[in-house]
């Protein structure tokens, strides 16, 4: 079984959201805190603003998409290892400087339909 966490972060620090370097550093920090390691990563800076970050991690993937003009970030954590816990919500909120976070979590039933 695997778990996936989808986080919508609001009221984020615009300087973080529009910086490739800050998003990369933040992602590396969060991936480490969830007990995984980055296998490969890719980051793209949009013009005039916005960043997308994607990492293949040892337990699956971690991604970030930002909209600095709205103070918004979308984060996806998919893990085939340890269950992605709700504790990551507080970590993400703090790391992005968000005022609000909305989280959805689902279990992926790998290898079975029910």
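Direction-averaged shadow area of the convex hull around the Cα atoms of region 2-108, nm²?
5.7
Taking 0.36 nm per residue of sequence separation and subtracting the Cα-Cα distance, how much length would be gained by fully extending the chain between residue 39 and residue 70, in nm to one decimal?
That works out to 8.1 nm of additional length.
So, in nm, how far is label residue 54 from label residue 28 when the simple model puts each one 7 Å beyond its Cα toward the Cβ?
2.1
Could you put 44, 65 in order, starting from the residue whose Cβ has the fewest other Cβ atoms within 10 Å?
44, 65
What is the fewest-to-most order of 33, 93 by other Cβ atoms lying within 10 Å of their Cβ?
Taking fewest neighbouring Cβ atoms as first place, the list is 33, 93.
Using only Cα atoms and rounding to the nearest 10 degrees, what angle (0 to 90) does helix 20-33 make with the longest principal axis of the chain?
Value to nearest ten degrees: 30.
Using Cα atoms only, what is the angle between the long axis of helix 87-96 and the major principal axis of the chain, expressed in degrees (0 to 90) to the nearest 10?
Result, in degrees: 20.
Any read-out appearing in this document is the output of simple, stated calculations on the displayed coordinates, not a laboratory observation. Just so we're clear, the structure is a prediction, and the values are computed from it rather than from any experiment. FYI the Cβ positions are ideal-geometry reconstructions off the backbone, even for glycines, and counts take in every protein chain you see.
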